Amino acid sequence: MSQLIDVSVIREQTARALRAGGKTPWLVAFDAVGIQELVTASSRPIAMMGGSQAVKEFDEEARAREGCVFAGGGRGLLLVDGESRAHELAQELTRAYSRATVGSVLATASAPYDQAAAESSLTWLRMRLAAAKDEAPPPEDGIERLGSSRPCADCLRRPGEHASQKPNAPATDRICSRCKQLIELGRRQDREQRRERLTLQDLSEQGRIAVLAADGNAMGRLFAGLQGLEALAAVSATVDALFTRVHEEALASCEAGDRHVAPVTGGDDLRVFLAPEHLAAYVSGLQSSLTQHAEALGDLDGLLDEASARRLAGIGVGIGTVVADDHHPASRLLDLAHELESAAKTGCGPGAARSAISLRVIQGGDEVSGPRALERQPIDLADWDEKVESARRLALVPGAQRSRLRGRSAQGDPERLNLHRYQVARSDAWKDWHDAIGVDWRDRDALDAALPTGTLLDLAALFTKERRRA
Amino acid sequence: MRDFVLEVKVPRGTLAVGGWSPAPDGLDGAHAADADGLPLIPSSALRGALRETLEGLLRGAGLPACSGGDGHDPARGPGGDERECDLDDGAPCAACRLFGGRFARLGAGRRAFSQLILGPARCASGHPADWSVRHGVSIERRRRSAAEGRLFNLSTPSPGRHLSFRAEGRLTEDDEQARRLLEAAARTVTHVGAGRSRGLARIEAELRWTEASAAELLELRPGPVGIRLHLETPACIGVPLPDGQVRDTRREIPGSTLRGSIGFALAESLEDPDHDEEFQALVAEDGGASFPFLYPADASAPEVGLAAPWPLTARACKRHGAGHGVRDTLLDRLAAALAPDARAAGRVDELSAERRGCPRCEAPLRPLRGPRGGAEAPATRTVTRVALDRRTLAARERALFSQVLLEEGSAFEGVVQSVPEASIGRLAQALSLPLSVGRGRSMGWGRVRVEVLPVAAPPRLEARAKDFAREAARRFEACGLDTAIVDRLVPLTLLSPLLPEDGDGRTELSAQLEAVSWPLVVRRFGVERGWDQRKGARPAVRSTVAGSVFVALLPEGSSAAQWLDRLASIEDKGLGQRRAMGHGRVIAFDPFIIQGES
């Protein structure tokens, strides 16, 4: 039995769903459109958690329906008897999701299910779902009323219709119906879980916050290669459980406790806001937890063929992280982290890293997008701990000296390299760092080759305590 | 118009104007530098210093002057909420006329918000600047020793060499009073930036009026006009919806921005722009020229190509990006949409580009964003800006924000269409004038150099239709699908955002093409807004984003060949609203569908 899911429950659930499919089984799949936009519409963690809760409650509602094969993270699959029932169910789900999220859109698709050609049936359904996402209607967001009424003070995307209940908000501030409903959901959850109510500023450290976006690598190929409903249901549940477990263990290893916000975005996606001081340990914990659990999954009690089991065991992640001023809107920071996540994925694949990370520390005046912003090589996560240790020691070098290695003090400039050698020769902190990374600081060529990279300098910026000591 | 040069010298010490350039970890601030690492004085700082000086002079002479454009004269009592300045007998004070104020829209008879246009002051010292880190420390008065954790490191140009800067500017209307006021402010200004009490920020300025060099009039021929704009200074192109304290920039230049820029330039240079028929015909919303959305371009390409983002169906290697080629998945999707059963869908999937992955390295494919062709997405930088309350000498409430700017050096291109023949001279005149795009024109942002280039027209519509039908038939056959309908399929790709009269644009297309169904629709929605200098902000409207693709199925018994005239008309005139501003440009049988197959 897998450590993460009970395969017998999956088998039972799938058998029940097949019975619900009757003599003319039809598959109905759904996938939430713009789930990240929903959960980060407002930069207030309470609204983010409310958005996540809305998606979770919708998933629970879908799971409770007869014929549900799986549902989680705004995605799901059900079996029903007959084409007309499939269309009805698709409409019911669309309405329920719109109600739960105040106007967000759910893409749905259906296809007949032929048990003798299960793989082709699922492929057809997947194609139809992709087409449905491409053809999904716009959200019901009242955009046409934005000209005549003030925008929502929280999300700035919809018309403000209700008084803001934010402490110290100006009397003229209005919020939209979506933010209102999501905040109420978030508050209810806070009360139930007795969680401390946090703002992003509460999570930040000296005005800076870290944002992480992670996403499983080559998941499309993994799912496309699955044969049969049971395998699909089992892998979906496993991936959900795997990433939930990995996140929990990463949090435990960085000791962030409740000082984080992790909005739900579904399946193999992780989105986390936390203090920069916890970031390095979180990533380290995520890497070791993912490797350990994925490699122990096996073939899910015989549900997977050899190739799929191998793909599942070798799951890696692309991680993008941004450390920036906490006044940036949450959605913008997540977009940046997501861009970096894509950049990290370029370093992953056969013959390359299993998992990789791209990191940026954004300062005022920095180029935040465009080719130069993403040109750095991602770090192979297998080297993460070593890089982190090197960066932690680098943080002990006085900041004014570290800063000279950046930007306009271009690397490769002979005059700058000469100055750097001089600095190293007269600084114990620099010498200690070179000793720690095994570079003889007296060797001119070795010293030049070991000049800290932009990524390492960014990483060093995470170590506040060491920076203060420096 | 009157041009001038402002020479700024730093007689002693150095300068510290923050917020423009990054202060890397280890530093607490850094003086502004340009892309080459040379120090500069951002226009906003220079204008602020000149304005503050002029306000003092005006008040000293007993004339009204509000405080930084807030509409209140501190010499005449406490201020209140910010408002439009009317201190000069109901008209804006002299400082507001020269530097601009909080005007929601352009007043009657005015041609620009700010009479003064002043670019950044660039380093004119003639040698590469050296930089040094200045250390500062806070003293704890009680203990008379350094305060814990209060060491500040500030990167500034090294003092000791004679720093000098040079800014170019102009007055949009050449009147004597404006000239004298500006001269007085320049002669009197003494400081710019931070650190006055520490011996920084000291400047001396000298203003020299220059004769505007007569720009060479560009030669334009009737027909589509290919233009490429090169950003000479950073630009901020307003986004439809604001994002809190971060003001983003669009990564393309909308047609409305180009049209506004041309309108501003001509309005300033013409004697009576409101009654100039050629000008009015050029910018008429109905029957005037269609100003395109300008998309990032390869600055060295000899022609203006099909300026547009990649279609939403474009895919590239996940690991190596467009370096491993760009593929179009439209035919895969079309085949998938037309698959009659699961087995056929399985065959389509097996042959699909996404299933097979990158042909060079087998990595998965991913959606491709950004401009078509070889152009890179433009680089951006974020600057932090603050408006000071002169009375408290602190940041104004809600006036600290970050602004994202397109970096100088970026190039954007597009094709101006439907230029009325009588107005071609006016367009040539406008493109020869100093042009600025986007926000902050008075600070010298968005200044562009214009190149007029030949237009690389796509293959003829008939040839494109044939190529598409042939390729679609080949693909359908390989998938075991019926090829009988390929002649009735018409793919239409949006080259710019469409503002549909209704829905996503298919209603209008159906009316023109009598489409019986839409086998494939790949589209996303966006929001467009815009701003009119005379009417203020436009209402927000839903758009169908550029790169969206629709495939229409024509009525049975007909073929695309019979509809070529209609399709040519759609390509020529576009679809939906605000077509004069480049919205709703469409290409039928996009050649990329075929090229992207290989």
CD proxy at 222 nm, helix term only [per DSSP H run n ≥ 4: -39500 (n - 2.57); per residue of chain A; nearest 500]: -15000 deg cm²/dmol
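Considering only DSSP states other than H, G, I, E and B, which GluC sites (Glu not before Pro) in segment B:169-199 qualify as loop sites with at most 15 other Cβ atoms within 10 Å? Write down the numbers at each step before the final one.
Details: sites: B:Glu173, B:Glu176, B:Glu183; in loops: B:Glu173.
Sparse-neighbourhood loop GluC sites (Glu not before Pro): B:Glu173.
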Order these by the 10 Å Cβ neighbour count, fewest first: A:Val39, A:Val69. A:Val69, A:Val39
Classify segment A:18-68 as rounded, prolate or oblate from the Cα gyration tensor: take a ≥ b ≥ c as the square roots of its eigenvalues, call it rounded if a/c is under 1.5, otherwise prolate when a/b beats b/c and oblate if not. oblate
Please list, by residue number, every one of the GluC sites (Glu not before Pro) in segment B:270-374 that is coil in DSSP and has at most 13 other beta-carbon atoms within 10 Å. B:Glu271, B:Glu285, B:Glu303, B:Glu362
Taking segment B:398-543 and dividing mean pair separation by its residue count, relative contact order in percent (alpha carbons under 8 Å, at least six apart): 10 percent
Please report Rg (one decimal) and Dmax (integer) in Å for the Cα set of segment A:1-116. 15.3, 49
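Would you mind giving the average projected area, over all directions, of the Cα convex hull of segment B:1-91 in nm² with one decimal?
Here the figure is 9.9 nm², rounded to one decimal.
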Given unit charges at Cβ for Lys, Arg (+) and Asp, Glu (-), the dipole magnitude of chain A about its Cα centre in debye, nearest 20, is 1300 debye
Dividing the alpha-carbon radius of gyration of the protein assembly as shown by 2.2 N^0.38 Å (N being the number of residues), what value is obtained? 0.99
Where does helix B:255-269 land angle-wise versus the long Cα axis of chain B, in degrees 0 to 90, nearest 10? 50 degrees
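Is segment B:553-598 rounded, prolate or oblate when judged by the Cα gyration tensor, a ≥ b ≥ c being the square roots of its eigenvalues, rounded requiring a/c under 1.5 and prolate requiring a/b larger than b/c? Intermediate results must be reported in sequence, preceding the final value.
Numbers: a/c = 2.72, a/b = 1.25, b/c = 2.18.
The shape class here is oblate.
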Rank the residues A:Met219, A:Met127 as a footprinting-exposure proxy: fewest other Cβ atoms within 10 Å of their Cβ go first. A:Met219, A:Met127
In whole Hz and in residue order, list the ³J(HN,Hα) couplings for segment B:320-336 that follow from phi through the Karplus curve 6.51 cos²θ - 1.76 cosθ + 1.60, θ = phi - 60°; x for Gly and Pro. 10, x, 5, x, 9, x, 10, 10, 9, 9, 4, 5, 4, 5, 5, 4, 5
Crossing angle, helix A:229-254 versus chain A [Cα axis fit, 0-90 degrees, rounded to tens]: 30 degrees
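Counting alpha carbon pairs within less than 8 Å and at least 6 residues apart, what relative contact order, in whole percent, applies to chain B?
On the way: 1335 pairs, mean separation 103.6, N = 598.
Relative contact order for chain B comes out at 17 percent.
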For segment A:289-362, the spread of Cα positions along each principal axis, largest first, Å: 50, 24, 17
So for segment B:267-350, considering every pair of alpha-carbon atoms, how many percent are separated by more than 22 Å? 61 percent
Per-selection metrics, chain A (Cα): Rg and Dmax in Å: 24.7, 83
For segment B:139-232, what does the convex hull of the Cα positions come to per residue, in cubic angstrom? 240 Å³
In nm, to one decimal, how far is the A:Ala163 label point from the B:Arg360 one, both placed 7 Å along Cα→Cβ? 6.2 nm
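Once you mark the GluC sites (Glu not before Pro) that are in a DSSP loop and have at most 10 other Cβ atoms within 10 Å, what is the longest gap between them in chain A? Show your work: numbers first, answer last.
On the way: sites that count: A:Glu196, A:Glu375.
Result, exposed sites excluded: A:1-195.
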Limiting things to C-alpha atoms, what are the Rg and the maximum Cα-Cα separation (Dmax) for segment A:52-162, in angstroms? 16.8, 57
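In segment B:421-544, how does Rg compare with the Kirkwood Rh, expressed as the Rg/Rh ratio over alpha carbon atoms? Working shown, then result.
Working: Rg = 21.3 Å, Rh = 19.4 Å.
Rounded to two decimals, Rg over Rh is 1.10.
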In nm, give the distance between the simple-model label positions of A:Arg221 and A:Asp428, each being 7 Å from the Cα along the Cα-to-Cβ direction. 5.2 nm
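Tell me, A:Ser358, A:Ser289, B:Ser164 in order of fewest to most beta-carbon neighbours within 10 Å?
On the way: A:Ser358 25, A:Ser289 20, B:Ser164 17.
Sorted ascending by nearby Cβ count, the order is B:Ser164, A:Ser289, A:Ser358.
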Extent along principal axes [Cα atoms of chain B; Å; largest to smallest]: 86, 62, 45
Cα long-axis angle, helix A:7-21 against chain A (0 to 90 degrees, to the nearest 10): 40 degrees
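Each reported figure results from applying straightforward, stated rules to the coordinates on display, with no laboratory input. What you see is a predicted model, and the numbers here were worked out from it, not measured in a lab. A quick note on method: Cβ atoms are made from the backbone with ideal geometry, for glycine too, and the neighbour counts reach across all protein chains shown.
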